[in-house]
Amino acid sequence: MPEGDSLHRLARRLQVLVGERVEAESPNPRGLATGVARAVDGRVLERVDAVGKNVLLQFEGGVVVRSHLRMNGRWRVRRLDDPAWRGTPWLVLRGSEWEATQWNGPMLQLGAHTARMIGPDLLAPGADLAEIVGRLRRVDQARLVGEALVDQRVVAGIGNMWLAEALWHGLVSPWSSLAGVSDDDLQQTLAWAQAAMRASVDGQRSSRAVYRRTGRGCPRCGEPIRSRGLGDANRTAYWCPACQPTATEREGFEPSTSGLPPVTP
Ligand SMILES: [Zn+2]
């Protein structure tokens, strides 16, 4: 599942077609069945934005296409005088100099209203973290943090990897209920995710502390990292049981081990 930062990179690459009247076609029958090519053929592509894990392509006349790339979906962009790709893409958008092709959907044509159902994008310029914390406070406070922060209707852009890393940096357990986490802790966790994902959009790579490191030592305290399925989608949560206790676990600790775990070099 691509994370928000990779979709921002994609949205940048697609900017070469913005302002162009595009020819659209769907060589792949599954792409044809979506009706997207027919809906956008001959229209001017007005803007392309990454919103969370979606790329929204906005065409003249209020036609919005949402491209949500799951595991195998991808876009390719080439100059028309470069060799054509082999195979049958789901959607081809051709301008005067550039061509973008979309492979292994899914795509959906949306009205502008449905496009607004997606929560505020963590990576949008001027994204307001206090407002996002406010949105988190308006959903059921019994929901687990590790599930609410990847709910794209609440805040868009965070995927499983950045979730695990941000919670570890914020010392927040994915198994805490929203009620068990302070506004400050939520905001700091979001701020870390935002900064790390923005750096990633600009091509910087960071090392992982917990994601896919089950059984290896926590970089902060050495305790083995744990993992377990969490939420309806059964995503795998990764966390350090010592650095990221839930409120209940914290209260259950002996005084000598309460609060933050000892830091080992
Ligand atoms: Zn730890």
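The values are calculated or read from the model by the stated rules, or taken from the named source; none is laboratory data. On a predicted model such as this, the values are computed, not experimentally measured, just so you know. Don't worry about glycine lacking a Cβ; one is built from the backbone with ideal geometry, like all the others, and counts go over all protein chains shown. Side chains are part of the model used for accessible areas, which takes the heavy atoms of the whole protein and leaves out ligands, DNA and RNA. Shrake-Rupley method; radii C 1.70, N 1.55, O 1.52, S 1.80 Å.
Exactly one of (1) within 16 Å of the chain's Cα centre (by Cα); (2) under 28 Å from CYS221 (Cα atoms) is unmet by GLN188. Its number?
Unmet for GLN188, out of (1) within 16 Å of the chain's Cα centre (by Cα); (2) under 28 Å from CYS221 (Cα atoms): (1).
Which of the following residues is within 28 Å of ALA127 (Cβ to Cβ) and in contact with a Pro (Cβ under 8 Å, 6 or more places away or on another chain): LEU45, LEU69, LEU56?
LEU69
Mind checking which residues of the stretch 191-211 are touching a helix residue (DSSP H, G or I) at 6+ places or on another chain (Cβ under 9 Å) and within 16 Å of the ligand (Cβ to nearest atom)?
Hits for the stretch 191-211 are TRP192, ARG208, ALA209, VAL210, TYR211.
Quick one: how many residues across the stretch 69-94 are crowded, with 21+ Cβ neighbours inside 10 Å and closer than 30 Å to ILE158 by Cβ?
Matching residues across the stretch 69-94 total 5.
Going by the structure shown, is GLU249 assigned to a helix (DSSP H, G or I), modelled with pLDDT under 95 and within 16 Å of the ligand (Cβ to nearest atom)?
yes
Output the number of the condition that GLN188 fails; it satisfies all remaining conditions of (1) within 16 Å of the ligand (Cβ to nearest atom); (2) closer than 17 Å to ALA247 by Cβ; (3) touching a Gly at 6+ places or on another chain (Cβ under 8 Å).
The single condition GLN188 does not satisfy is (1).
Can you tell which of ALA237, ALA209 is under 17 Å from the mean Cα position of the chain (by Cα) and either among the aromatic types (Phe, Trp, Tyr) or surrounded by 16 or more Cβ atoms within 10 Å (Cβ to Cβ) (or both)?
Exactly one residue qualifies, and that residue is ALA237.
Go through (1) in a strand (DSSP E or B); (2) among the charged types (D, E, K, R); (3) open to solvent by less than 50 Å² (accessible area, probe 1.4 Å) one by one and return the number of the condition ARG66 breaks.
That leaves (3) as the condition not met.
Picking from GLY35, GLY62, GLY31, which residue would you name as being touching a residue at least 40 places away in the same chain (Cβ under 8 Å), touching a Pro at 6+ places or on another chain (Cβ under 8 Å) and small (Gly, Ala, Ser)?
Result of the check over GLY35, GLY62, GLY31: GLY31.
Out of everything in the stretch 95-125 that is at pLDDT 85 or above and loosely packed, with under 15 Cβ neighbours inside 10 Å, what residue ends up being farthest from LEU163 (Cα to Cα)?
For the stretch 95-125, the residue satisfying everything is SER96.
Within the stretch 16-31, track down each residue that is open to solvent by 20 Å² or more (accessible area, probe 1.4 Å), modelled with pLDDT under 85 and within 27 Å of the chain's Cα centre (by Cα).
Of everything in the stretch 16-31, just one residue is open to solvent by 20 Å² or more (accessible area, probe 1.4 Å), modelled with pLDDT under 85 and within 27 Å of the chain's Cα centre (by Cα), namely ARG30.
Would you say GLY42 is modelled with pLDDT of 90 or more, out of contact with any Leu (no Cβ under 8 Å at 6 or more places or on another chain) and either polar (S, T, N, Q) or on the phi > 0 side of the Ramachandran plot (or both)?
yes
For the stretch 50-63, which residues satisfy the criterion of being assigned to a strand (DSSP E or B) and closer than 17 Å to LEU93 by Cα?
If the condition is that a residue be assigned to a strand (DSSP E or B) and closer than 17 Å to LEU93 by Cα, then VAL55, LEU56, LEU57, GLN58, PHE59, VAL63 are the ones that fit.
Can you tell me which residue among TRP192, TRP168, TRP175 is at pLDDT 95 or above, in contact with a strand residue (DSSP E or B) (Cβ under 8 Å, 6 or more places away or on another chain) and open to solvent by 30 Å² or more (accessible area, probe 1.4 Å)?
Matching residue, one of TRP192, TRP168, TRP175: TRP175.
Is it the case that ALA142 is under 14 Å from the mean Cα position of the chain (by Cα), at pLDDT 90 or above and open to solvent by 50 Å² or more (accessible area, probe 1.4 Å)?
No.
Take the conditions within 16 Å of the ligand (Cβ to nearest atom) and among the hydrophobic types (A, V, I, L, M, F, W, C) and apply them to ALA164. Does it pass?
For ALA164, the condition - within 16 Å of the ligand (Cβ to nearest atom) and among the hydrophobic types (A, V, I, L, M, F, W, C) - is met.
Would you point out the residue of the stretch 220-234, among those that are more than 24 Å from SER182 (Cβ to Cβ) and within 19 Å of the chain's Cα centre (by Cα), that is surrounded by the fewest Cβ atoms within 10 Å (Cβ to Cβ)?
Once the filter is applied, the top-ranked residue is ASP232.
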